[in-house]
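Since the structure comes first, as structure tokens, the remarks are kept for the end.
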Amino acid sequence: MIETGHPGQVHQFRHIAVQLISRGHQVLFVTRSKPLCIELLKAFNLPYTVLAEQRRDILTKLLQLPRLYLRYLMILIRFKPSLILNRFTPQGCHLGWLLRIPVIGFTDSEHTRLMDAITVPFTKVKITALSYWKDLGYNHLRYNGNIELFYLHPNHFTPDPSIYRLMGIAPDTPFAILRFVSWDAYHDLGQQGLNLSDKQELVAMLASGMRVFITSESPLPPEFEPYRISFPPEKIHDALAFAQLYIGEGATMASEAALLGTPAIYVNSLTAGSIEDAAEAGLIRSFRNRNGVAEAVREWMQMPGLKEKHLRLRDDYIRQKVDMVPQITRFVEMFPESLAFLQQNPHLWQTNSTDQ
């Protein structure tokens, strides 16, 4: 069973799920009723069930917990999974532990201290990238890569130029993508990114030299509605691949843009080891607040050959990483023997992809 609560998590696990299904295993995705997650699961023809309604406010989420745990328990009893794959969700980790179903948890977010405190002790295996800053203790396995490479590695993704038609623009038209988050996740409390005037300035600046497209978790002001992305959500990575620039508050999409060779500017008071790893490679410019963002965008807009430079940097970066889809598929199939083997041979997940 695979848990997802964010579109990026659907992408992370989908190739692994397809490989497992093709080898005769039963797989079930469990998701909140977040429209984008459900749209992606349908688009990729993945079996799923809805756990609960997606709630935005913290109080309602807390009040919903008993019902959520009961619903999750019923799903476990019916499906009888031998393993649970998730991103350290309390219900999966706690009920998996209670029913003695091993939980394999993935994370790339170091700032989720409260969530880690209540989930990590109940997780059988913890899997993170080498760039992850924290030590998660017993059975913490590290790989040389990024979660986003689970679906954007060249072995699994080739950009489709027909995205220009879906976007309603001529081929090779320069365009930028902006991403605004909703700031209602528990780990976003007290954090900051761009304010309305920042967004207005960026849109005006970008629109002077290219087309602008916006994706947003929260409602957009009427003035931004003409820029809203309207093509199918499963096509967002094709758009990111051909974009000239990405600017946004979301870490996942910043990493995705960078790994597709698109110059990425990330604006958020929270950072992560994966973001800093890509920044050290020159793929991302990371800002803790609005200061300097407009200047960085202006500088990049005026830089000739910027996209080509980032494509070369991306290629160099990915050559150093491991394609984890076949690795995780084998790990799941051979569990628990695979756990003991990896503990004795951690280098197998940490060598260059060209050596695999």
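Observations
- Full-extension gain in nm, LEU166 to GLU201, via 0.36 nm per residue minus C-alpha separation: 9.9 nm
- Comparing PRO263, ALA52, TYR151 along the charge dipole axis of the chain, the residue lying farthest to the positive side is ALA52, per the Cβ-charge model.
- The coefficient of translational diffusion for segment 240-356, derived via Stokes-Einstein from the alpha carbon Kirkwood radius under 20 °C and 1.002 mPa s, stands at 135 µm²/s.
- Of the chymotrypsin sites (Phe, Trp or Tyr not before Pro) found in segment 115-146, the ones in coil according to DSSP and having at most 14 other Cβ atoms within 10 Å of their Cβ are TRP133, TYR138.
- Taken over the C-alpha atoms, the chain has Rg and Dmax values of 20.2, 58 angstrom.
- Angle of helix 196-207 to the longest C-alpha principal axis of the chain, folded into 0 to 90 degrees and rounded to 10: 60°.
- Proximal lysines relative to LYS307, as straight alpha-carbon distance under 30 Å, when same-chain residues fewer than 8 apart are discounted: LYS199, LYS235, LYS321
- With a Cα cut-off of under 23 Å and a minimum spacing of 8 residues unless on different chains, the lysine pairs in segment 48-166 number 4.
- Set of aspartates and glutamates near LYS34 by C-alpha distance (under 17 Å), chain-local residues within fewer than 8 positions excluded: GLU3, GLU53, ASP57, ASP184, GLU217, GLU234
- Prolate/oblate/rounded call for segment 1-143, Cα gyration tensor, a/c under 1.5 rounded: rounded
- The chain: calculated mean residue ellipticity at 222 nm from DSSP helix runs of at least 4, using -39500 (n - 2.57): -12500 deg cm²/dmol
- Degrees, to the nearest 10: 7-22 long Cα axis against longest axis of the chain: 50
- The mean of 1/r over all distinct Cα pairs in segment 163-319, once inverted, gives the Kirkwood hydrodynamic radius of 15.7 Å.
- Taking Cα atoms only, the orientation of helix 58-79 departs from the longest principal axis of the chain by about 50 degrees.
Computed from the coordinates by the stated procedures, all read-outs in this text should not be read as laboratory data. Model, not experiment: these values are computed from the prediction. Glycine gets a Cβ as well: all are built from the backbone with ideal geometry, and neighbour counts include every protein chain shown.
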